[in-house]
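Below you'll find the structure, written out as structure tokens, and then a few comments.
The values are calculated or read from the model by the stated rules, or taken from the named source; none is laboratory data. Bear in mind the structure is a predicted one, so any value in this text is a computation, not a measurement. Using ideal geometry, Cβ is built from the backbone for each residue, glycine included, and neighbour counts are taken over all protein chains shown.
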Amino acid sequence: MLGRFRAAREQIQGRLEVLDALLDVPEGPRPEEFHASVRVKHLARSARFYSWLLGAPPKEWTHRYATFVRPELHTNFVVVVADGKELHHDTLYHLGIGVADKRAVIRAYELATTAGVTVHKPPRTTWRGTPLHELWLEDPDGNLVEVYARLTDEELAGKPQDLEPTALG
């Protein structure tokens, strides 16, 4: 019992620290787009994977990078050569794309399997935190990519008591 209390106290303390940090956030820029750039070992394989994932070829590419711009997703994503640097997977947790619904998550799994994409976790519904239908893939460099859909109110009503993930498909 004491262990559960301490764990709850640490979680509450962590949330309060975040709240405290957010109380006086100064005015910042007004972004119109989010940009991310990830180093990769093999540019061509990564360009192929992200063309598949984002549903469009790169807007531009050179021998050093490929840039994917999807205005409707408010996305500007770049894969860039590693320049011989060791790639670490301890700071980037994952990238993700949201899809329409549960069927779209299952369809993404089928498409990934057909395309030979590495599946990290097959499609499932998770209930802890933000309930999602999700599928976890790996890009050619081992970065995790989550394909997810938010649950409908009807789906949320079917939440299991044990909150354990439910396999899809």
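Quick notes on this one:
- Residues that are part of a loop (DSSP other than H, G, I, E, B), of a type outside the set (A, V, I, L, M) and farther than 22 Å from Gly142 by Cβ within segment 56-71 comprise Pro57, Lys59, Thr62, His63, listed in sequence order.
- Some residue of segment 11-29 being of a type in the set (Lys, Arg), more than 19 Å from Trp136 (Cβ to Cβ) and out of contact with any Pro (no Cβ under 7 Å at 6 or more places or on another chain): yes
- Any chance Arg103 is in the same structural domain as Leu137 (by TED's automatic domain parsing), surrounded by 11 or more Cβ atoms within 10 Å (Cβ to Cβ) and farther than 17 Å from Pro140 by Cα: yes
- Being free of Cβ contacts under 8 Å to residues at least 24 places away in the same chain, surrounded by 14 or more Cβ atoms within 10 Å (Cβ to Cβ) and not hydroxyl-bearing (Ser, Thr, Tyr) holds for only one residue in Leu151, Leu132, and it is Leu132.
Listed here are the residues, each with its yes/no results for (1) touching a helix residue (DSSP H, G or I) at 6+ places or on another chain (Cβ under 9 Å); (2) outside any strand (DSSP E or B); (3) outside the structural domain of Ser51 (by TED's automatic domain parsing).
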residue: Thr113; (1), (2), (3): no, yes, yes
residue: Thr130; (1), (2), (3): no, yes, yes
residue: His133; (1), (2), (3): yes, no, yes
residue: Leu137; (1), (2), (3): yes, no, yes
residue: Pro140; (1), (2), (3): yes, yes, yes
residue: Ala149; (1), (2), (3): yes, no, yes
residue: Glu155; (1), (2), (3): yes, yes, yes
residue: Leu163; (1), (2), (3): no, yes, yes
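- Any chance Ala66 is aliphatic (A, V, I, L, M), surrounded by 14 or more Cβ atoms within 10 Å (Cβ to Cβ), out of contact with any helix residue (DSSP H, G or I) (no Cβ under 6 Å at 6 or more places or on another chain) and not assigned by TED's automatic domain parsing to the domain that holds Glu134: no
- Scanning segment 11-52 for residues that are acidic (Asp, Glu), assigned to a helix (DSSP H, G or I) and exposed (fewer than 10 other Cβ atoms within 10 Å of the Cβ) yields a total of 1.
- Any hit, segment 72-80, residues being touching a Lys or Arg at 6+ places or on another chain (Cβ under 7 Å) and assigned to a loop (DSSP other than H, G, I, E, B): no
- Of everything in segment 114-157 that is modelled with pLDDT under 95 and of a type in the set (Ser, Thr, Tyr), the residue that is farthest from the chain's Cα centre (by Cα) is Thr114.
- Selection count where residues are among the aliphatic types (A, V, I, L, M) and farther than 16 Å from Leu111 by Cβ, scope segment 137-169: 6
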